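Scroll down for the structure; my scribbles are underneath it.
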Ligand SMILES: C[S@@+](CC[C@H](N)C(=O)[O-])C[C@H]1O[C@@H](n2cnc3c(N)ncnc32)[C@H](O)[C@@H]1O
C-alpha cells in the first residue's frame, strides 16, 4: 500500500524532519523552489526568498539541495524546475547561479546531466522594452551517480513521426521516438477539481508524470522539499509510488487534500486509458517497423548481389522471415548452374554494414529451381518492386513466381506489407 505525506515544516530542517518521521531515502527529488523574492508566500516568516538578500537565499537553497542529496538513494535523480527572473531591469539566471554554487561549495554533489526547456506554450500577455514574452522554464536534470534510473522506453512516442518512417525504417527505434530536450506542457491555470487552484505555479500533471515515469519504479519514494500545491506528491501517489512533500504553508496542504489529490486521481484515470491506446499503437508501429526493416534490408542486399555478382535474367530473389520475433531473415538466391560462393557474401563489408545498420542478420541460401516447389510450396509470397518494399504488387505462390517472365525485376518476400506511400497511420 503506497503512502503520501504532506508535511508542514521548514525545508532547511529536512534531515531533522526525515529523522523524526523515519522517512527512507528518496529515489527521486522533483521540485521548484521559490524564485528568489519574486513572490510572497502567505507572508510566512520562515519562507525562503521573499525578504532575504540574494546570497542568503542561494545559501538556503543549495543547502537544502545538498541535504536532499545526502538523504537520497544512490540511484536517485534530482529535477529542478526553475526560471530566470528580472530585477531592476536585469535578468538574474537563478537556476544557473544555484548550479554554480552547488558545485563550488560541495565536492560531492548532484551532477548536472541535462538541461531541458519546458515550453509552457502560453503565458500572461507581456510587453516591455528589452524583454520578450516569457514562454519557457528550465528543467535541470541531475544524477547522484551513473547508476541512476532512466526508463526512457516508457515515454517514447510515435505521434508526429516525420514522413521518412516508411522509407527509412532503420532510422527509427521500433519502440518509438525518444522525446527531445524541448518539452511542451501547458501550465494549469484553473484547478483540477471544481474549484480554483489558488497557488502561484503548480506543476502540470503530465510534466510530473513524465519525470516520475523516467526516473522511478512502483513503490519508490518521491520527494518535493517545496511542495506548494503538492502536484508532484499527488501524481507520485496515484502512480503507485510513495511520496513526501514539505512546505511551510498550512494553507497549501489543505488545498492539496481538498483539490489536488482528487485532480491527480481523475487525471490518472483518463491518462491510463490514453496510455493503453498509445501502447497499442506503439505495438503496431513496432511490428510494422520490424517488417519494413526486414523487407528493406532483404531488398537492398539482394539488389547488391544482383548488380555486383551476377547478371542473368533467370535468377529469383526470395526473402523469408521465419520467425517474426527474431531479427533474422533468409535471403534465397535461385541461381541454377551459377557458382555463388555464400561464404564470400557473408564476408562482404557492404552486406555486413547493412546488417549492422538494420540490426538484422541475413542467412544466405542458394536453392536450385527444381527444388523450389518441394521446399517452399507451403509459403505465401508477395511480389515487390525493389524500391517499394512497403507495398506489395500482388500475392503469389512459388509456382506463379517460377512462371513469372520478368522475375529478375522483382523480389518475392513472405512479409505482407501493403502501406501506401501517402498515409498517416502513425502521424497525427
Ligand atoms: C515555486 S513554489 C512550488 C510550487 C510547486 N512546485 C507546485 O507544484 O505547486 C515554492 C514553494 O516553496 C514554499 N516555501 C517557501 N519557503 C519554504 C521553506 N522554508 N520550507 C518549505 N517550503 C517553503 C512556498 O510556500 C511555495 O509553496
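Which one, 370, 391, 105, has the greatest fluctuation when you compute a Gaussian network model over the chain with C-alpha springs under 10 angstrom? Judging by the Gaussian network model, the answer is 370. Extension gain, residue 111-residue 278: 0.36 nm per intervening residue step, less the Cα-Cα distance, totals 56.8 nm. Roughly how tilted is helix 94-105, in degrees to the nearest 10 and between 0 and 90, from the longest Cα axis of the chain? Here the helix axis deviates by roughly 80 degrees.
Of all the options 79, 165, 304, the one that moves most in a Gaussian network model of the chain with Cα springs shorter than 10 angstrom is 304. The simple spin-label model puts a point 7 Å past each Cα toward its Cβ; for residue 134 and residue 359 those points are separated by 4.1 nm. Between residue 217 and residue 8, take the C-beta separation as r, use R0 = 30 Å, and let me know the FRET efficiency to the nearest 0.05. After rounding, the FRET efficiency stands at 0.55.
For a test of the definition: using alpha carbon positions, the gyration tensor, and the 1.5 limit on a/c, classify the chain as rounded, prolate or oblate. Cα axes put the chain in the prolate bin. In this simple spin-label model, placing a label point 7 Å from the Cα along the Cα-to-Cβ direction at both residue 86 and residue 20 gives a separation of 4.1 nm. Based on the Cβ-Cβ distance from residue 1 to residue 258, what FRET efficiency comes out when R0 is 25 Å, to the nearest 0.05? That pair, residue 1 with residue 258, gives E of 0.65.
Comparing mean-square fluctuations of 205, 315, 256 from a GNM of the chain with C-alpha springs under 10 Å, the top value falls on 315. The modelled label-to-label distance for the pair residue 303/residue 147, using points 7 Å beyond Cα in the direction of Cβ, is 4.9 nm. For helix 205-215, report the angle its Cα long axis makes with the longest principal axis of the Cα atoms of the chain; keep it between 0 and 90° and round to the nearest 10°. The angle comes out near 70 degrees.
Compared with the dominant Cα axis of the chain, that is its longest principal axis, helix 261-308 is turned about 30°.
For the pair segment 275-293 and segment 152-190, the centres of their Cα atoms are 13 angstrom apart. For segment 1-67 versus segment 316-386, the spacing of their alpha-carbon centroids is 63 Å.
At an R0 of 25 angstrom, the distance between the Cβ atoms of residue 59 and residue 180 translates into a FRET efficiency of 0.15.
None of the figures in this text is laboratory data; all of them are computed from the coordinates on show. From a predicted model like this one, the values you see are computed outputs, not experimental measurements. Note that each Cβ is placed from the backbone with ideal geometry, even for glycine, and that neighbours are counted across all protein chains shown.
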